[in-house]
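Note sheet for the following structure.
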Amino acid sequence: MMSSEILSHTKTFDDSLKATSLRIKLLASQTKFEDAISNCLVILSDLGEEIPLGTSLPSVLNELSIIRASLTNLSHEEVKLLPRMGDGNKLTCMKMLNLLSQYSIISKPMLLPVVSVRMVRITLEYGFCEDSIVVSTLILVCFFSFSEIDSY
């Protein structure tokens, strides 16, 4: 059964999430990263998280600067006190953003810092989840990579 057929039989949004997630992974396994990214963006939009696709370098540098300042002002104790994320929609967003980060590295590298910043913001507002660990590394990669660009 094709993924579009499976989707046509889903009754709830949660059911469609599972099928769409599998479709996204299938597209990526076929190196159809643009299509996988598009599917991730649709799900994120349905969950209330709009991710801008065409982001300029100055905009990316500005976002990274803002989130760096926020993180610099955050103590280790404050990070430790963040609760476990309990909002189901935000957990799903984080999973989709994690997938999106993996595919954007390959297909749309300018999207990676946008996704990373969004994941940090969701973590700070709603608490930690498994995907928060991934973003810890991603945001550092973005800081390092884009600080090189910013210095020119």
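Taken about its Cα centre, the chain carries a charge dipole of about 240 debye when Lys and Arg each add +1 at the Cβ and Asp and Glu each add -1 at the Cβ.
Measure nothing fancy, just the Cα-based angle from helix 111-126's long axis to the longest principal axis of the chain, in degrees from 0 to 90, nearest 10. Here the helix axis deviates by roughly 80 degrees. Peptides 54-67, 71-84 ranked from most to least packed give 54-67, 71-84, packing being the mean of other C-beta atoms within 10 angstrom over each peptide's residues. The angle between the Cα long axis of helix 57-72 and the main principal axis of the chain comes to about 70°, on a 0 to 90 degree scale. How far is helix 13-29 tilted, in degrees, relative to the longest principal axis of the Cα atoms in the chain, given as a value from 0 to 90 rounded to the nearest 10? Long axis of 13-29 versus the principal axis of the chain: about 80 degrees. Pairs of Lys residues in the chain, spaced 8 or more positions apart or belonging to different chains, with C-alpha separations under 27 angstrom: 17 in total.
The Cβ shell under 12 Å around Leu44 holds other residues with a net charge of 0, Lys and Arg each +1, Asp and Glu each -1. Distance from the C-alpha centroid of segment 25-65 to that of segment 76-101: 17 Å, rounded to the whole angstrom.
Taking a sphere under 13 Å around the Cβ of Ile139 and counting the other residues whose Cβ falls inside, with K and R at +1 and D and E at -1, yields a net charge of +1. In angstrom, the C-alpha Rg and Dmax of the chain are 16.2, 53.
The amide H of Phe128, built 1.01 Å from its N in the peptide plane, has Arg84, Met85 as neighbours under 5 Å, considering only residues 5 or more places off or on other chains. Applying the criteria of a DSSP loop state and at most 12 other Cβ atoms within 10 Å to the GluC sites (Glu not before Pro) of segment 87-152 yields no site.
Readers should treat all values here as calculations from the given coordinates under stated rules, not as data from a laboratory. Fair warning: this is a prediction, and the values are worked out from it, not measured in the lab. In this analysis, Cβ positions are derived from the backbone assuming ideal geometry, glycine residues included, and neighbour counts consider all displayed protein chains.
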